[in-house]
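Asks: Below is a structure I'd like to ask you about.
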Amino acid sequence: MSISTIEEIKNTSGRIMGVDFGEVRTGIAISDASRFLASGIGYIKEGGLHKTAEKIAQMVKDENVTAVVIGCPVNMK
């Protein structure tokens, strides 16, 4: 299932993963089941977009995540 808007996410339940892309590493946070609090769970330093995306997809499965929110890196070159 593909969810593309915040309104669609609001109509679901379950944990949300936040992804913060960086030049050196990509930070990962996951909310609790109530979506009240999110905590950083680490980072990915796989190297390259393809490997990073594969790792994120695996983490989504492992952590039983409902939706992924991706940060917009406005200062990256």
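Asks: Accessible area per residue for segment 1-47 in Å², computed with a 1.4 Å probe and the full protein assembly in place, what is it?
Replies: 71
Asks: When the expected Rg is taken as 2.2 N^0.38 Å, what fraction or multiple of it is the alpha-carbon Rg of the chain?
Replies: Values: Rg = 12.6 Å, N = 77, 2.2 N^0.38 = 11.5 Å.
Ratio of Cα Rg to 2.2 N^0.38 Å: 1.10.
Asks: Could I ask something else about it? At a 1.4 Å probe, what is the % contribution of carbon and sulfur to the accessible area of the chain? Don't jump to the answer; show the numbers that get you there.
Replies: Numbers: 3110 of 5770 Å².
After summing per-atom areas, the C and S share lands at 54 percent.
Asks: Mind pulling the angle between the C-alpha long axis of helix 49-63 and the longest principal axis of the chain? Nearest 10 degrees, somewhere in 0 to 90.
Replies: 30
The values are calculated or read from the model by the stated rules, or taken from the named source; none is laboratory data. All of these numbers come straight from a predicted model, not from anything done at the bench. Only protein heavy atoms, including side chains, enter the accessible area calculation; ligands, DNA and RNA are left aside. Shrake-Rupley method; radii C 1.70, N 1.55, O 1.52, S 1.80 Å.
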